[in-house]
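The values are calculated or read from the model by the stated rules, or taken from the named source; none is laboratory data. Not measured: the values here are computed from a predicted model. Glycine gets a Cβ as well: all are built from the backbone with ideal geometry, and neighbour counts include every protein chain shown. Just so you know, the surface numbers come from the protein's heavy atoms only, side chains and all, with ligands and any DNA or RNA stripped out. Shrake-Rupley method; radii C 1.70, N 1.55, O 1.52, S 1.80 Å.
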Amino acid sequence: MSQPIDVRPRRLLIVCRVAGVVLLVVFAVVAYLLPRGSAGGQQFGLADQVAFFLIGVLLSAVVLQFTRVRVVADVHGVRVRNYVGEKFVPWQVVAGVRMDDSSPWASLDLQDDDTIALLAVQANDGAWAVDAVVALRALLAESRRPTD
């Protein structure tokens, strides 16, 4: 019996986490360094600094949304969480697991000719992504075996 798998992208997680921290630090430093004072028309107040920092927090949160992607699969089906939503797909409706040479990520081909992108299985993760596709195919094959 195949083991359940839990797949998350490797490089994307690192890049997004680093980018989120860098964005937050840059906006915090710029907010702190905004010129303050009452002389001249180009000065900023505390509210402007706080607002600028909060923009950095918001942008960091948006970047970190890309780290949500995940694929969890077992003999019953696949739970796919992409950027916006989450969906459970039973193996009975899956026709195949595919990762084309030109594709940036793997996908599930469904019986009704629909396709679901598996954004957690990214081609730029190399052999790790290939192992994930092989494991998903093994689970699909196991779900097709008759039970004794």
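Scoring ARG81 on the criteria (1) under 19 Å from ARG10 (Cα atoms); (2) without any contact (Cβ under 8 Å) to a residue 60 or more places away in the chain; (3) more than 13 Å from the chain's Cα centre (by Cα) leaves a single failure, condition (3). Here LEU119 passes the criteria (1) aliphatic (A, V, I, L, M); (2) in a helix (DSSP H, G or I); (3) open to solvent by less than 80 Å² (accessible area, probe 1.4 Å) except the one numbered (2). With respect to the conditions (1) among the hydrophobic types (A, V, I, L, M, F, W, C); (2) surrounded by fewer than 17 Cβ atoms within 10 Å (Cβ to Cβ); (3) without any contact (Cβ under 8 Å) to a residue 60 or more places away in the chain, TRP128 lacks only one, and its number is (3). Any residue that is within 23 Å of SER143 (Cα to Cα), acidic (Asp, Glu) and free of Cβ contacts under 8 Å to residues at least 24 places away in the same chain - is there at least one of those in region 56-75? Within region 56-75 (the criterion being within 23 Å of SER143 (Cα to Cα), acidic (Asp, Glu) and free of Cβ contacts under 8 Å to residues at least 24 places away in the same chain), the answer is no, since none of the residues qualifies.
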